[in-house]
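The structure appears right after this line, and notes come after that.
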Amino acid sequence: MKVLGILGSPRIGGNSDILLDQALAGAKDAGAEVEKIILCKQRISGCLACEKCNKTGVCAIDDDMPAIHKKILEAHAIIHSVPVYFWAMTAQMKAYLDRWCALFDAEWRWHKAYWPRMKGKRIGLITLCGDSNVATADPIVHSFKNTCEFTGLNLVGVVQASASAKGEIAANEAAKKEAYELGKKAAARE
Ligand SMILES: Cc1cc2nc3c(=O)[nH]c(=O)nc-3n(C[C@H](O)[C@H](O)[C@H](O)COP(=O)(O)O)c2cc1C
């Protein structure tokens, strides 16, 4: 059983990365095999809306995303961790999310071959923001929540934390524990 971690911050070793590692530690302790994908190290361009994938289920863009699509399909759960940039998710996370498009048909239903593997797939979300009010990240939560509801994915938990300087979140034991528990929950069977 594989739990995939998706890092949407370009700041490696930063706050999103630290909490994602906590979540993946929780998943590992719950018996999962874990893998982290650092989006800024991947070549992922924006969706071109070429609609070729509507028929084929395969993205026409020749970059690193088709390989990530395979990992998405295979994963038991996917935990995303991303900071707020200008009241929204980072460009890296948005490009990744838009490219999920390839998994749907023209009516925004999962391609038949993918549905059995995507139905109810467990999704986790961790957000970071510099603002002391963690609700600053609510637009990101809104995006993931609606995506999951619309497509039949199972959003198992959201952790919202506040930190500004690189690595500052390491001192926040409560946020680290919450992220760890999210990872455990993501790895659960039901
Ligand atoms: C380009 C940029 C834009 C940002 N915009 C916001 C913002 O709109 N609201 C906010 O609360 N924090 C904002 N921040 C702060 C980050 O969300 C915060 O520092 C976070 O902890 C970074 O997480 P990381 O260490 O994982 O990269 C911004 C940071 C950067 C670099």
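The values are calculated or read from the model by the stated rules, or taken from the named source; none is laboratory data. The structure displayed is predicted, hence computed values, not measured ones. Glycine gets a Cβ as well: all are built from the backbone with ideal geometry, and neighbour counts include every protein chain shown. The area values use the complete protein model at the heavy-atom level, side chains included, leaving out ligands, DNA and RNA. Shrake-Rupley method; radii C 1.70, N 1.55, O 1.52, S 1.80 Å.
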Query raised in the report: So which lysines pass the test for LYS121, namely a Cα distance under 17 Å, with those fewer than 8 places away in the same chain ruled out?
Result: LYS2, LYS70, LYS71, LYS112, LYS145, LYS184, LYS185
Report summary line: In the range 58-190 the accessible area split gives carbon plus sulfur, as whole percent at 1.4 Å, a share of 56 percent
Query raised in the report: Working from the pairwise distances between different alpha carbons, so that the mean of 1/r is found and then inverted, what is the chain's Kirkwood radius in Å?
Result: 16.5 Å
Report task. Give me the number: length gained by fully extending ALA113 to TRP87, i.e. 0.36 nm times residue separation minus the C-alpha to C-alpha distance, one decimal in nm. Result -> 5.8 nm
Requested in this report: Straight distance only, please: which aspartates and glutamates reach the Cα of LYS166 with their own Cα at less than 12 Å, same-chain residues fewer than 8 apart left out?
Outcome: ASP17
Report task. Rounded to the nearest 0.05, what FRET efficiency do LYS52 and LYS145 give with R0 = 22 Å and r taken as the Cβ-Cβ distance? Could you check? Result -> 0.15
Query - Spin-label pair ARG11/GLU168, simplified geometry with 7 Å Cα→Cβ offset, distance in nm - result: 0.8 nm
Report summary line: Only helices counted: for the chain, with every DSSP H run of 4 or more residues adding -39500 (n - 2.57) and the sum spread over all residues, [θ] at 222 nm is -11000 deg cm²/dmol
Query raised in the report: Cα centroids of the range 140-166 and the range 48-101: how far apart, whole angstrom?
Result: 15 Å
